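Since the structure comes first, as structure tokens, the remarks are kept for the end.
The values are calculated or read from the model by the stated rules, or taken from the named source; none is laboratory data. Computed from a predicted structure; not experimentally measured. Backbone-built Cβ (ideal geometry, glycine too); neighbour counts: all protein chains shown. Just so you know, the surface numbers come from the protein's heavy atoms only, side chains and all, with ligands and any DNA or RNA stripped out. Shrake-Rupley method; radii C 1.70, N 1.55, O 1.52, S 1.80 Å.
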2 protein chains.
Amino acid sequence: MEKMAIDQLSEPQQKILSFITVYMEENDIPPTIREIQHGTGISSTSMVSYHLKALERAQLLNRRERRSRGLVMNEPHRVNPRDMVAIPLVGVITCGAEPVPTPDADTLAETENMVHLARSMVGNTDGLYALEAKGDSMIDALINDGDIVIMRRETDVKNGDLAAVFLLDRNESTLKRVYKEGRRLKLKPENPTLKPFYVDARHAQIQGRVVCVIRRT
Amino acid sequence: MEKMAIDQLSEPQQKILSFITVYMEENDIPPTIREIQHGTGISSTSMVSYHLKALERAQLLNRRERRSRGLVMNEPHRVNPRDMVAIPLVGVITCGAEPVPTPDADTLAETENMVHLARSMVGNTDGLYALEAKGDSMIDALINDGDIVIMRRETDVKNGDLAAVFLLDRNESTLKRVYKEGRRLKLKPENPTLKPFYVDARHAQIQGRVVCVIRRT
DNA sequence: ATGATACGCGAACAGGCGTTCTATGTCAAG
DNA sequence: CTTGACATAGAACGCCTGTTCGCGTATCAT
């Protein structure tokens, strides 16, 4: 016997399979044989064991011999949850108005809105936070109204990086392309209808750099 | 005793905690008390039990009484892996050259490169696949060279949707903004230097619609 | 000194748990 | 009808496993 489609499993085997699935969603750990027995109404542990062997032959699960709760469901594209990161969506950045706080560890923990991403998208998760972009001043940087911008908290940037900059004199944050020019920073809105402007580097504070942009359509 | 910072845990307690973490990464299920005992070099099960109680008081883990492998790590932002979807990255779409196959279920299963996303980003996962955009013909649609485009397999689109269109006469696929104009389709590259062109609707086949764009910077 | 508290060790208990063995029933192929 | 593959029950074996108990040791304020 090689492989077997799910729909040609016997009725108790299907019951076992779905019981295991439900059980693992509720408890995070696999059930014991006796829990399967009582959960499915099967009358003996030997029957459960018998059917489990069949399911194992059908490649639908693996077992670790003689280990309690040794069942392993065969879910091929199941992703390790550790590869997923939750990034707090801390606010809206209007690309040119209103302050957005640079979040610290405490506010991060309190944020309820989270953006979930694979770690592979963003690398190291330290200092990551998310903002929703408002306005179209960064349209040439391919950031549109409503886009989710993933930021990494950084205090310095390379020339030409997209960054959130806090302007001390205006008490507001803005998302711009940043160039260092001597003692001043050039902040360039990426929209042909808007002109770059310059601020004294001492009156501006780099809050974070754009590491990823996500747009739902 | 209320809550306790990790750094003021006793040394065996830290060892236990890290052992559990490593064990669960390797085995998916929590260890038994005796496995902790041997894995950490602690001399008795009662000591492990003792320290586990302390860790439980410190809110670092929960336990299900009298259940084998009843440990539950307290990981607040742990995401349910079912909320994560793996989308096959099936190829490159040059926004105007070379055919890209519309993937069927079989090829999806064989693809090795996956893009991982939260389900909340894309909704239903049916018919999703990912392409890497090449070229700058869609620059005004905020899709740049190297962006990851998440597509949903669809045979029809609304006017103005971004879609992958297969051109029968050229035997190639292209990513364009699509408008239906009677019997023909208007395919509009979103780049001011490129002009829209028209194809007979019978010679074009909608392959999928853009549902999400991801750009790493 | 003294008692309180935390920490440590080994052993034992009782039920949990996977496994296996025997007996029985079903049913289609030979 | 016989046979053999498959399915079902019940029970028992033996290790697994969480728990608890008795007995130590060290530290420290009283």
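The residue that is nearest to residue A:67 (Cα to Cα), counting only those in region B:52-72 that are of a type in the set (A, V, I, L, M, F, W, C) and either in a helix (DSSP H, G or I) or within 10 Å of DNA strand C (Cβ to nearest atom) (or both), is B:52. Got at least one residue in region A:73-81 being at pLDDT below 75, in contact with a His (Cβ under 7 Å, 6 or more places away or on another chain) and either part of a strand (DSSP E or B) or surrounded by 17 or more Cβ atoms within 10 Å (Cβ to Cβ) (or both)? Yes, region A:73-81 contains at least one residue that is at pLDDT below 75, in contact with a His (Cβ under 7 Å, 6 or more places away or on another chain) and either part of a strand (DSSP E or B) or surrounded by 17 or more Cβ atoms within 10 Å (Cβ to Cβ) (or both). When region B:124-145 is filtered for residues that are at pLDDT 85 or above, within 13 Å of chain A (Cβ to nearest Cβ) and under 19 Å from residue A:213 (Cα atoms), the ones remaining, listed by number, are B:130, B:133, B:145. Residues that are closer than 17 Å to residue A:144 by Cα, within 14 Å of another protein chain (Cβ to nearest Cβ), open to solvent by 20 Å² or more (accessible area, probe 1.4 Å) and in contact with a helix residue (DSSP H, G or I) (Cβ under 9 Å, 6 or more places away or on another chain) do occur in region B:205-216, at least one of them.
Is it the case that some residue within region A:83-105 is open to solvent by 40 Å² or more (accessible area, probe 1.4 Å), at pLDDT below 80, within 12 Å of chain B (Cβ to nearest Cβ) and touching a Lys or Arg at 6+ places or on another chain (Cβ under 8 Å)? Yes, there is a match, as at least one residue in region A:83-105 is open to solvent by 40 Å² or more (accessible area, probe 1.4 Å), at pLDDT below 80, within 12 Å of chain B (Cβ to nearest Cβ) and touching a Lys or Arg at 6+ places or on another chain (Cβ under 8 Å). Any residue in region B:161-170 that is touching a residue at least 60 places away in the same chain (Cβ under 8 Å) and closer than 18 Å to residue B:93 by Cβ? Yes, that holds for at least one residue.
Looking across region B:29-51 at every residue that is among the β-branched types (Val, Ile, Thr) and in a helix (DSSP H, G or I), the one that is farthest from DNA strand D (Cβ to nearest atom) is identified as B:40. Across region B:177-195, the number of residues qualifying as away from chain A (no Cβ under 14 Å) and at pLDDT 85 or above comes to 9. Of the residues making up region B:9-28, those that are polar (S, T, N, Q), open to solvent by 40 Å² or more (accessible area, probe 1.4 Å), part of a helix (DSSP H, G or I) and away from chain A (no Cβ under 14 Å) are B:14, B:18. Residues that are open to solvent by 20 Å² or more (accessible area, probe 1.4 Å) and within 12 Å of DNA strand D (Cβ to nearest atom) within region A:52-68 comprise A:53, A:57, A:64, A:65, A:66, A:67, A:68, listed in sequence order.
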